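Just below is one structure, and these are the notes that go with it.
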Amino acid sequence: MTTRILVPTPLRPHTDGKDAVDDDDIRCLQKEQTPVQPGDMVSIVPSVAGGVDTVTVDRSRTGRELPSLTHDDVRRYSRHLILPEVGVEGQRALKAARVLCVGAGGLGSPVAMYLAAAGVGTLGIVDFDVVDFSNLQRQILHGTPDVGRSKLASARDRLHGLNPDITIETHETALRSENALRLFEPYDVIVDGTDNFPTRYLVNDACVLLGKPNAYGSIFRFEGQVSVFGAANGPCYRCLYPEPPPPGLVPSCAESGVLGVLPGVIGTLQATETIKLILGIGEPLVGRFLIFDALRMRFRELKLRKDPECPVCGTHPTIRELIDYEQFCGVKPAMAEPARVDTGAMEISAVDLKARLDRGDALRIVDVREPQEYQINRIAGSVLVPLRDVPKRYHELDPNQEIVLLCKAGISSGKAADFLRSVGFARVLNLKGGILDWIDKVDPSQPKY
Ligand SMILES: [Zn+2]
């Protein structure tokens with residue numbers, strides 16, 4: 001018989017991960033000493049940019065009466081009503097339910113649309129963004145005419161077009177420690193459609209503190225994860241990932257791409273879990289972590305256990321109120337930033353670069369993006385050396401020549417510049433704002449992504 005074990009080690013660039021030997025977390029076995037038998041499968045469970053008995057939303061706590069169904073409701077939800085597992089009572093429970101979607105983006109789109117279609121009576125949505133062209137590849141709540149509009153306005157129109165009988169509550173704000181508890185409090189289930197670690201930990205902790213289930217999903221390139229955290233006696237996100245990955249280790253979807261249909265799969269699973277929680281049917285993904293690999297078209301399920309040492313849901317919690325999540329995730333420094341060196345001498349603006357090129361200065365322009373990005377737009381005469389190749393290919397560059405590094409927005413090229421300086425390149429400039437600024441200010445003929 002084979003066993004599968006989880007090992008919590010960040011072994012892949014985009015993981016803050018775990019490993020598994022069969023479906024058991026090695027932290028619940030003998031940790032690193034867990035013996036591995038022939039035939040065992042050891043696997044890493046990456047975190048991406050989450051069987052118990054039936055769990056039901058605690059309706060007694062809300063004190064809400066189940067509303068009756070109108071004739072229109074009966075017609076609209078007839079395919080639900082004839083399911084014995086839903087029926088009239090279940091549909092009334094859906095009508096009474098209040099669900100909050102954190103984010104109206106890739107995951108939030110299918111979540112909100114399916115919950116609206118299913119007749120969840122009140123849908124809250126938290127978002128502060130506007131619709132961008134690059135969202136349309138996967139964020140099916142929004143259409144081409146919505147580009148430039150607020151995502152909330154766009155979402156409200158789309159959802160009311162789908163089902164005018166439900167209430168949409170929009171919260172136009174970034175989710176923060178200061179407002180999360182107040183925003184979450186009136187809802188029965190929270191659906192995590194966030195795309196960054198600080199907000200993910202914030203959603204988790206707020207759900208645990210309020211005792212609300214968190215229908216968790218996350219996506220990265222071709223892979224997605226789904227679980228239900230924060231349920232009574234179930235594990236939370238911190239039981240799985242006590243610490244965030246080091247900042248910069250896990251790239252965002254904006255940096256590394258995501259298959260457009262992937263949030264459709266994962267968000268639909270989150271909506272399914274949400275509906276099951278409201279109806280109290282089936283086996284929720286509490287204590288189970290579902291991993292979807294779109295390229296191999298494979299689902300894997302790992303057992304998760306509540307960690308008694310968990311800082312927020314364990315037996316002796318150390319986190320009893322919301323903290324500063326940006327600081328926790330290392331996104332901003334804990335103390336005042338030390339006096340910085342003058343970056344002006346290390347950067348060049350797009351306009352200045354253009355002027356120097358026009359003047360005929362002998363600059364070597366090195367683009368550190370990925371080849372597929374370089375195909376979209378580039379500065380004429382630049383050479384491509386992807387960031388990951390810089391340490392092994394920097395010998396191709398002349399340390400005495402003045403070098404200008406660029407990437408999409410100036411962050412990765414800043415890292416490349418630091419590296420080149422560390423190996424003795426004296427004249428290295430980073431293009432401020434990257435190719436995006438170059439297109440904005442110098443060459444608007446090229447497409448932006
Ligand atoms: Zn926990």
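Only residues that are crowded, with 24+ Cβ neighbours inside 10 Å and away from the ligand (no atom under 14 Å from the Cβ) were counted in segment 203-231, giving 6. For segment 232-255, residues that are crowded, with 19+ Cβ neighbours inside 10 Å, away from the ligand (no atom under 11 Å from the Cβ) and either over 20 Å from Leu107 (Cβ atoms) or of a type outside the set (Val, Ile, Thr) (or both) total 3. Glu169 meets the conditions (1) more than 14 Å from the ligand (Cβ to nearest atom); (2) touching a helix residue (DSSP H, G or I) at 6+ places or on another chain (Cβ under 6 Å) in every case but one. The failed one is (2).
Restricting segment 408-430 to residues that are out of contact with any strand residue (DSSP E or B) (no Cβ under 7 Å at 6 or more places or on another chain) and in a loop (DSSP other than H, G, I, E, B), the residue that is nearest to Ser349 (Cα to Cα) is Ala409.
Selection of segment 127-163 for residues being hydroxyl-bearing (Ser, Thr, Tyr) and either at positive phi or within 22 Å of the chain's Cα centre (by Cα) (or both) yields Ser134, Ser150, Ser154. For segment 189-200, the candidate set comprises residues that are farther than 20 Å from Leu115 by Cα and surrounded by 24 or more Cβ atoms within 10 Å (Cβ to Cβ); within that set, the residue that is nearest to the ligand (Cβ to nearest atom) is Arg200. Inside segment 265-299, residues that are charged (D, E, K, R) and either under 18 Å from the mean Cα position of the chain (by Cα) or surrounded by 17 or more Cβ atoms within 10 Å (Cβ to Cβ) (or both) make up a count of 4. The sole residue among Arg320, Arg288 that is under 30 Å from Gly87 (Cβ atoms), of a type in the set (D, E, K, R) and out of contact with any Leu (no Cβ under 6 Å at 6 or more places or on another chain) is Arg288. Residues that are in a loop (DSSP other than H, G, I, E, B) and under 30 Å from Pro386 (Cβ atoms) within segment 228-256 comprise Tyr241, Glu243, Pro244, Pro245, Pro246, Pro247, Gly248, Leu249, Val250, Pro251, Ser252, listed in sequence order.
Selection of segment 147-168 for residues being buried (at least 17 other Cβ atoms within 10 Å of the Cβ) and in a strand (DSSP E or B) yields Ser150, Ile168. Among the residues of segment 174-199, not one is in contact with a strand residue (DSSP E or B) (Cβ under 7 Å, 6 or more places away or on another chain) and farther than 18 Å from Val99 by Cβ. In the set Arg288, Arg320, only one residue is assigned by TED's automatic domain parsing to the domain that holds Ala174, modelled with pLDDT under 95 and either among the basic types (Lys, Arg) or within 16 Å of the ligand (Cβ to nearest atom) (or both); that residue is Arg320.
The values are calculated or read from the model by the stated rules, or taken from the named source; none is laboratory data. Treat the numbers as computed from the prediction; the structure is a model and nothing was measured. Neighbour counts are summed over all protein chains in view; Cβ atoms, including those assigned to glycine, are modelled from backbone coordinates with ideal geometry.
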